[in-house]
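Below is one structure; the comments refer to it alone.
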Amino acid sequence: MPRDFCPNCGRASGHAEGCADHESVDERKGVRREVKHTPLPDPYALREWQAAALPVIDKAVRSRTRAVVSACTGAGKTDVMAAYLKRYVLPTLQPGFAGVVTVPSQDLVRQTADRIDKWCGPGTAGRFYADRKIVRQVTVCCEPSVGRLAEELQGQRAGLWLADEGHKPT
């Protein structure tokens, strides 16, 4: 769903009132000029292949089969995961269940959790690794810390487990 972005400062439209980025040289001289907002594409809009993958992934998950998203580095697999969480998982995740995302490194814990927070809202993703152990409804966990996360969940069940970089051994 496209959002309107300001062509002057890049922020979402609706903020123009009192924004110094919208004062033209003419305005500073007392001549008022209307600033028009140009609709630009949502930076988190899915590409066609990503959007098409979501119902396929959901069908596999609901039938309890494995879904694998395979694409080259930088293609947007993490965005597919975050969009899937937002559209299919979070609205239906029951109390007592947690979403778990495992990644092979601490750097990927931070990157993946940040991406989930951008898609699903700040504070959605917990970060669980050696130096930081924050559990949320969806928790991104470094693979070596999975056993400790299981203890930390204290009786909660994993409603969904997603593995990023699942082909890499730890």
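Descriptive notes on the structure:
- Test: SER105 is free of Cβ contacts under 8 Å to residues at least 40 places away in the same chain and under 18 Å from MET81 (Cβ atoms): yes
- When region 108-136 is filtered for residues that are touching a residue at least 40 places away in the same chain (Cβ under 8 Å) and in contact with a helix residue (DSSP H, G or I) (Cβ under 8 Å, 6 or more places away or on another chain), the ones remaining, listed by number, are THR112, LYS118, TRP119.
- Summed over region 101-155, the residues that are among the polar types (S, T, N, Q), open to solvent by less than 30 Å² (accessible area, probe 1.4 Å) and within 15 Å of ASP79 (Cβ to Cβ) give a count of 2.
- So PRO55, is it at pLDDT 90 or above and surrounded by fewer than 15 Cβ atoms within 10 Å (Cβ to Cβ): yes
- ASP79 being under 8 Å from the mean Cα position of the chain (by Cα), without any contact (Cβ under 8 Å) to a residue 12 or more places away in the chain and closer than 23 Å to TRP49 by Cα: no
- Once region 104-148 is narrowed to residues that are acidic (Asp, Glu) and at pLDDT 90 or above, the residue that is nearest to LEU162 (Cα to Cα) is GLU143.
- Residue that is modelled with the lowest pLDDT, among those in region 28-52 that are loosely packed, with under 10 Cβ neighbours inside 10 Å and within 25 Å of ASP114 (Cα to Cα): PRO41
The values are calculated or read from the model by the stated rules, or taken from the named source; none is laboratory data. Keep in mind that what you see is a predicted model, and the values were worked out from it rather than measured. Backbone-built Cβ (ideal geometry, glycine too); neighbour counts: all protein chains shown. For the accessible areas, the whole protein counts, side chains as well, though only heavy atoms, and no ligand, DNA or RNA atoms are used. Shrake-Rupley method; radii C 1.70, N 1.55, O 1.52, S 1.80 Å.
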